[in-house]
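Remarks on the structure that follows.
The values are calculated or read from the model by the stated rules, or taken from the named source; none is laboratory data. Predicted model, so just to flag it, every value in this text is computed and none were measured. Virtual Cβ from ideal backbone geometry, glycine too; neighbours counted across all protein chains shown.
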Amino acid sequence: MEQFIYSDIFDTKGIEYIIVIFFFMLLIPFWIMLNRPVKLKEAMGDVIRSINLQALRIPQGLLFNKNHTWSHLEKSGVASVGMDDLLLHLTGGVELNYLKEQQEKVKRGEPIARITQEGKELVITSPLSGEIDRVHSSLESNSRAISDDPYSSWLYRIRPEMWREETGEAMMAEQATEWTGKELERFRDYLAETAGEAHGAEVMLQEGGELTGHPLREMDQEAWRGFQEKFLGMEA
C-alpha cells in the first residue's frame, strides 16, 4: 500500500494567490471611478477650462444686452430671454430661482431671476417689457442645463410691448462678439482691482492672460455685489 502524502497547496501557490488578490484590490478604485463618469468629467473640466473669446458661444442670430442677457423674437411674436455664456463661464454652476410667474407683467430692467452659489447671489434683470407667456420652471431643478446650453435653456418667454424701442441698443453677430471681448478685458481689470482689495479672488491667469476655471466662484459676496453693479446694471 502506497503511503499517503499530504501536500498543502498554499506552500506552492501562496505567492500566486497574494498576487491575484493584490491585482483585484488595484482594480477596485478604477471600477469606482468608471462608475462616476459625470463627476470625474466635471472635475477635469474645472481644471483645464479657460475663458477666452474663442471658447465662448455667441450665436449670431440672437440679440445680446449689456446686462448679459439675450433675447430672440419667435415667429409667434413671443420673445425668448436667457443669460449669456460669458456670465455662466464666470460663475460656474449656480442654482436658479425665478422671481416672476406666468401671465405676470414685467418691465425692462426689473428683476426676473436670482442665481445663487454657496450663499452668494446675482440678480438677473429683464431686457424687455411685456407679459410673461411662459416660465422655464424645470431649470430650477436642473440648473446645470443652463451652463450646458444657455441658448436652449431660456428663462422666460415674454410677449414684448416695445420690442423695437427696447432692442435698439442690443447687439448681434460681429458687434456682439466684439462687445463680449471687451467685457472679458473689463472683467480682468475688475479681477485685478478686487484681488487687490482682498475679496477672496484667488484666481490664476494662464500665460497670455487667459482666465482659468470659474473666477467668481473663488470670490466673496462683496465681490459678487461689485460685479452686479458693474456688469449687470443694478445694485444687489
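Answer yes or no as to whether Glu131 is of a type outside the set (S, T, N, Q), over 28 Å from Asp220 (Cα atoms), surrounded by fewer than 19 Cβ atoms within 10 Å (Cβ to Cβ) and touching a residue at least 24 places away in the same chain (Cβ under 8 Å). It is true that Glu131 is of a type outside the set (S, T, N, Q), over 28 Å from Asp220 (Cα atoms), surrounded by fewer than 19 Cβ atoms within 10 Å (Cβ to Cβ) and touching a residue at least 24 places away in the same chain (Cβ under 8 Å). No other residue among Arg157, Arg144, Arg134, Arg164 is over 22 Å from Leu56 (Cβ atoms), of a type in the set (D, E, K, R) and out of contact with any Lys or Arg (no Cβ under 8 Å at 6 or more places or on another chain) apart from Arg164. Here Ser80, Ser71 are screened, and the one residue that is at pLDDT 95 or above, closer than 19 Å to Pro160 by Cβ and surrounded by fewer than 22 Cβ atoms within 10 Å (Cβ to Cβ) is Ser80. Count of segment 161-173 residues, restricted to those that are at pLDDT 95 or above, surrounded by fewer than 17 Cβ atoms within 10 Å (Cβ to Cβ) and part of a helix (DSSP H, G or I), is 2.
Look at (1) in contact with a Phe, Trp or Tyr (Cβ under 8 Å, 6 or more places away or on another chain); (2) crowded, with 19+ Cβ neighbours inside 10 Å; (3) of a type outside the set (A, V, I, L, M) and you find that His89 fails only one, number (1). Is segment 77-87 home to any residue that is farther than 16 Å from Leu216 by Cα, hydrophobic (A, V, I, L, M, F, W, C), in the same structural domain as Leu139 (by TED's automatic domain parsing) and not in a strand (DSSP E or B)? Yes, that holds for at least one residue. Within segment 139-160, restricting attention to residues that are modelled with pLDDT under 95 and farther than 25 Å from Ile51 by Cβ, the residue that is surrounded by the fewest Cβ atoms within 10 Å (Cβ to Cβ) is Ser141.
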